[in-house]
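Below is one structure, written out as structure tokens; the observations come after it.
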Amino acid sequence: MEMLAEPAKGAGAPVLDAGAAIPGLVWAFRLHSDGSAEPLPINVPIETGHDGRLWLHFNLTDARARPWLAAASIPPLARDLLLSHDNYQQLHTIDNCVYGVFSDLVRAIDAATEETGFLRFAMTERLLISGRHQALCAVDATRRVLEGGHRVETVAALLEKIIDEVADTMDRMADKIGTEIDDIEERILAGEAKSEMRGSLGRSRRTCVRLHRQLSGLRVLFHRLEQKNTDHLSPALRLQAGKLAQRLDGLDHDIVELRERSRLLEEEIHFKMEEESNRHLHTLSVVTTLLLPPTLVTGIFGMNTTGLPLTDVETGFLWAAAIMVGAAGAAYLVMRRSGIVK
């Protein structure tokens, strides 16, 4: 994670080829002066002379997008980051551009996954270029709210909305984990302890660790930005770093609490399972001890030697059985007196 300020060089207004569609686009929006967002078709050329701001979102796995991005009129450092494969979170500012890499959860067809992906972006006063290698939750949610009528006044407000959606996605996942942990806790309090409960807690704990790692990086970036002097940035590029950092701090605190709860419950289940195992071993030990004296008697009478008692007595078997029962009873009394059996 890093946030650096570099001198501006090579920056200028976005230049788009008015005669051809932009390759590799996933979607595009024009942000009007009243804050409304207009979805643009991606299979036709995008008009650049219109009075408005653009959000262009690219699929970076599309090889056709890379030449277009390499020729885009944005600062070279921002362009290089868009085309890089850096997999750590970072945020950079220069006089007329903010660019960086944020982590987000990878989106499946119908829900967020636990896998982490990365959103790369470069933002000028009139243009936000973003790109990803995998479908991500936050940008897709931002697209949907813009289509639903949400208004953003500046491209900085649009980027803040994307970060809010990152936090909202993690918040929903944290709520889901919290519900699962609450259910397992109720079962533990009811005296239930099963290995599948430990497995569920282990998965929840692993998810919390991943979310905490992701949020920690974002928190550090915005705390650094909050402490940094951003007077050199134009108002349209200034992010509300303090507000974003506060939101991420609270969410990270909740996730750390869930991680600790899952760890404590996992340990409690482990102790309960150990207690149950010890009870089984105790029962087995008692049964084994009770059977040792009868086994000894049986072994004595089974010796193939002369002079064994009761061999010539018609009721010898009954006497031997009585001796075995008596030996087991004597062992039981000894264990009961010593407290082994209650």
Handout entry: Which listed residue, of R259, R205, is open to solvent by 80 Å² or more (accessible area, probe 1.4 Å), part of a helix (DSSP H, G or I) and of a type in the set (D, E, K, R)
Key = R205
Handout entry: Single match in S338, S277 (criterion: closer than 30 Å to L201 by Cα, hydroxyl-bearing (S, T, Y) and open to solvent by less than 80 Å² (accessible area, probe 1.4 Å))
Key = S277
Practice task
Might you let me know whether the range 191-200 holds any residue that is within 30 Å of H32 (Cβ to Cβ) and either part of a helix (DSSP H, G or I) or among the aliphatic types (A, V, I, L, M) (or both)?
Solution key: no
Fill in the blank from the handout: Residue count, the range 136-156, condition assigned to a helix (DSSP H, G or I) and either of a type in the set (D, E) or surrounded by fewer than 22 Cβ atoms within 10 Å (Cβ to Cβ) (or both), comes to 8
Exercise for the section: Just give me the residues in the range 1-32 being open to solvent by less than 60 Å² (accessible area, probe 1.4 Å), modelled with pLDDT of 50 or more and within 20 Å of R79 (Cβ to Cβ), in sequence order. Expected result: L16, A20, I22, P23, G24, L25, V26, A28
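Conditions (1) more than 21 Å from the chain's Cα centre (by Cα); (2) open to solvent by less than 10 Å² (accessible area, probe 1.4 Å), marked per residue:
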{"site": "L158", "(1), (2)": "yes, yes"}
{"site": "R172", "(1), (2)": "no, no"}
{"site": "D175", "(1), (2)": "no, no"}
{"site": "L201", "(1), (2)": "no, yes"}
{"site": "V209", "(1), (2)": "no, no"}
{"site": "R213", "(1), (2)": "no, no"}
{"site": "K228", "(1), (2)": "yes, no"}
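Residues are listed down the side, and each one gets a yes or a no for (1) under 26 Å from G117 (Cβ atoms); (2) of a type in the set (G, A, S); (3) part of a loop (DSSP other than H, G, I, E, B); (4) open to solvent by 60 Å² or more (accessible area, probe 1.4 Å):
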residue	(1), (2), (3), (4)
D34	no, no, yes, yes
P39	yes, no, no, yes
N43	yes, no, yes, yes
L54	yes, no, no, no
H57	yes, no, no, no
A63	yes, yes, yes, yes
R66	yes, no, no, yes
L69	yes, no, no, no
S73	no, yes, yes, no
Exercise for the section: Give the number of residues within the range 262-274 that are modelled with pLDDT under 90 and surrounded by 12 or more Cβ atoms within 10 Å (Cβ to Cβ). Expected result: 7
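The values are calculated or read from the model by the stated rules, or taken from the named source; none is laboratory data. Everything numeric in this text was worked out from a predicted model, so none of it was measured. Heads up, the Cβs are rebuilt from the backbone with ideal geometry, glycines too, and the neighbour counts pull from every protein chain shown. All accessible areas refer to the heavy atoms of the entire protein, side chains included, with ligands and DNA or RNA removed. Shrake-Rupley method; radii C 1.70, N 1.55, O 1.52, S 1.80 Å.
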